[in-house]
Amino acid sequence: MHSFAKTLCGTAIVSVAALLLTWGHSVRAEQVGEVDTAFKLIGPDHKIVMDAYDDPGVMGVTCYVSRAKTGGIAGGLGLAEDKAEASIACRQVGPIAFPKPLRVQEEVFNERMSILFKKLRIVRVVDSKRNTLVYLTYSDRLVDGSPKNSITAVAVDRATVIPVKR
């Protein structure tokens, strides 16, 4: 029985470690606030939500995104399609470090905005000439996207070279 308990304990530890590693690498929005914009008698109110995304490729940079969230019955059930408008502001929130070289252009976050087709996307572009990280947010659909977009930039100190994959 002693070896069975050891095996069971070892399996549990490996499972928890795998879960933590997987969880640590997934990029999720952390809601930091919301404001109601319209009262709905049935279901949640329409609102603007503010989310924070830590850039998985750049330690010390967080992007804040505000976007509309549809309420009412359809919104409460997750069936409503949110508007394609979003605003982004990325900021240095700690010392900037790069665990590995970055692609010149890379989608760093995406989040489903409707049950079927629409996604909010955030793309990071490295502007090597100016040693700056540029972030663009937009939404798209399976068939067509929206030209509505928002852009922000984080200047990196010249003493810190942004490593780029070649």
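The values are calculated or read from the model by the stated rules, or taken from the named source; none is laboratory data. Quantities reported herein were computed from a predicted structural model and do not represent experimental measurements. Glycine gets a Cβ as well: all are built from the backbone with ideal geometry, and neighbour counts include every protein chain shown.
A few comments on the model shown:
- For the condition at pLDDT 95 or above, out of contact with any Ser or Thr (no Cβ under 9 Å at 6 or more places or on another chain) and surrounded by fewer than 16 Cβ atoms within 10 Å (Cβ to Cβ), R124 does not qualify.
- Answer from T7, T22, T11, T62 - the residue that is modelled with pLDDT of 65 or more and among the β-branched types (V, I, T): T62
- Some residue of the range 130-149 being modelled with pLDDT of 80 or more, charged (D, E, K, R), part of a strand (DSSP E or B) and on the phi < 0 side of the Ramachandran plot: no
- Any chance A84 is closer than 16 Å to I151 by Cα, assigned to a loop (DSSP other than H, G, I, E, B), modelled with pLDDT under 90 and of a type in the set (G, A, S): yes
- Reported count of residues in the range 25-59, each being surrounded by 14 or more Cβ atoms within 10 Å (Cβ to Cβ) and modelled with pLDDT under 80, is 6.
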